[in-house]
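Everything below concerns the one structure shown next.
The values are calculated or read from the model by the stated rules, or taken from the named source; none is laboratory data. Since this is a predicted model, take the numbers as computed values, not measurements. Here the Cβ positions follow ideal geometry from the backbone for every residue, glycine too, while neighbour counts run over all protein chains shown.
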Amino acid sequence: MMLALNLLALWLATLQPQAAASPDPDQLLQRALAYAGSGHLRAAIGAAERAGALRPADLRIGLALARWYQQDGQDAAATLVLQELRDAHPREPLVRIELATLYHRRERGQDAMAELNALLQLDPNSAFGHYNLAVLLAAQGDNSQAAREHFQRALEIEPDSVDARFGLAALAADQDQQNEARALLQRCLDQQPSHVGALQLRAELQEKAGELEAAAASWQRIAELDPRRASAFYALGRLRQKLDQTEPAKQAMLRFQELDREAEAREQRDKRVSATFKQAKAALEAGQTTEAAANFQRVLEIDPRHDLSRSYLAKIAYSAGDLTTAESDIQRAIESNPSEPEYHYLLALFLHKGKDRQAALREIELALELNPEDAESHNLRGNILVELGRPQEAAQAYRRALEIDPLNSSALLNLQALH
């Protein structure tokens with residue numbers, strides 16, 4: 001046993017120089033940017049994470065990684081990265097901007113306000129800082145004068161800012177300064193005729209002033225720009241009724257009811273899917289495989305294209321030794337979501353288990369096209385290549401897996417076995 005451990009230690013030692021010779025942080029960032037540019041978001045994240053581990057608190061790496069995390073729906077991870085960058089670079093305005101934007105989107109208003117105030121101390125001429133601080137102040141309701149000052153300052157810095165001008169219009173409307181509000185809105189719409197917010201506020205002011213035909217025209221324009229905005233059809237129908245335009249009013253209300261029913265059905269379906277999926281996951285974690293499978297099936301009865309449930313059923317079937325069902329389920333998951341690399345990895349695994357090595361190789365190479373930074377996929381590719389009698393290519397695959405994950409014991413032992 002000691003001899004085996006010593007041999008493994010020696011083998012690890014021989015691999016250390018290879019790990020040290022792996023791409024440096026700048027190369028990894030360039031690779032990540034290339035992945036992101038070609039739509040391989042998770043591969044970009046993987047490469048950027050490796051670059052960040054080699055060079056912590058690097059601005060370029062950290063900002064890129066935070067943005068990709070947000071694109072992938074990982075807001076908590078993005079927040080942590082940006083907080084670390086802020087602490088390491090307290091005078092860097094761009095980090096404050098990114099963090100304030102993320103806080104605002106996550107409805108952490110006080111945190112966003114703190115970052116914006118810090119930003120304006122660093123850069124008093126930041127139009128972004130003044131505008132977003134004005135938005136937060138306006139939302140508080142009792143700071144309209146401060147909000148107005150920041151909107152005006154943003155507009156002084158960027159005279160063509162439609163958003164700052166619209167912010168001033170909204171404040172004027174709230175304070176019943178209709179002439180000022182309408183003048184500002186007209187300028188917004190001269191600059192950006194499709195600004196839905198400006199059109200809606202104008203419609204509300206027009207209706208308040210008794211200009212029903214003009215208000216209806218504004219809502220009609222909104223409905224044309226966004227045909228699925230139920231509120232636009234409701235407002236339009238209501239105004240047409242006031243104008244005794246019976247048939248147009250009826251058509252608008254029918255469209256509103258249709259959109260409203262669709263929205264309610266989607267909401268109910270999504271709630272049922274979410275609740276049933278959670279039950280399935282809980283049962284699976286508790287080792288209740290049969291109950292889990294039944295709940296995943298119920299999810300699919302509600303939403304036949306729920307690829308994640310289909311992938312879990314495939315894993316359950318594979319664990320039970322039912323390769324035929326596993327392959328069928330994972331292929332259907334791929335039909336619903338062909339860009340998910342894990343599904344191609346799983347299909348390759350199942351095909352490899354079933355001895356269909358050529359098909360398995362095609363699938364694992366598809367998985368690697370979608371996520372070239374996945375060590376397990378490189379390791380599986382190596383296993384398939386070994387069985388196809390291509391040991392040199394297999395060794396390259398194992399080395400690539402170890403470059404990505406130097407502690408991948410499976411790839412290490414597989415590479416050792418080739419020698």
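Just to verify a result, which residue in the stretch 373-400, among those that are in a helix (DSSP H, G or I) and among the small types (Gly, Ala, Ser), is surrounded by the fewest Cβ atoms within 10 Å (Cβ to Cβ)?
Selected residue: 395.
The set of residues in the stretch 295-306 being touching a residue at least 24 places away in the same chain (Cβ under 8 Å), surrounded by fewer than 22 Cβ atoms within 10 Å (Cβ to Cβ) and part of a helix (DSSP H, G or I) consists of 302 alone. Restrict the check to the stretch 353-369 and report whether at least one residue is surrounded by fewer than 20 Cβ atoms within 10 Å (Cβ to Cβ) and closer than 20 Å to residue 412 by Cα. Scanning the stretch 353-369, I find no residue that is surrounded by fewer than 20 Cβ atoms within 10 Å (Cβ to Cβ) and closer than 20 Å to residue 412 by Cα, so the answer is no. Give the residue that is surrounded by the most Cβ atoms within 10 Å (Cβ to Cβ), with candidates limited to residues of the stretch 161-210 that are over 30 Å from the mean Cα position of the chain (by Cα) and among the acidic types (Asp, Glu). Restricting to residues being over 30 Å from the mean Cα position of the chain (by Cα) and among the acidic types (Asp, Glu), the top hit is 207. The set of residues in the stretch 401-414 being touching a residue at least 24 places away in the same chain (Cβ under 8 Å) and assigned to a helix (DSSP H, G or I) consists of 401, 402, 403, 404, 410, 411, 412, 414. For residue 16, indicate whether it is over 27 Å from the mean Cα position of the chain (by Cα) and modelled with pLDDT under 95. Here the answer is yes, as residue 16 does meet what is asked.
Candidates 34, 127, 77: the one that is surrounded by fewer than 16 Cβ atoms within 10 Å (Cβ to Cβ) and of a type in the set (A, V, I, L, M) is 34.
Determine which member of the set 115, 107, 92 is surrounded by fewer than 15 Cβ atoms within 10 Å (Cβ to Cβ) and closer than 29 Å to residue 71 by Cα. Before the answer, list the steps.
Values: 115 fails: surrounded by fewer than 15 Cβ atoms within 10 Å (Cβ to Cβ); 92 fails: surrounded by fewer than 15 Cβ atoms within 10 Å (Cβ to Cβ).
Answer to the check: 107.
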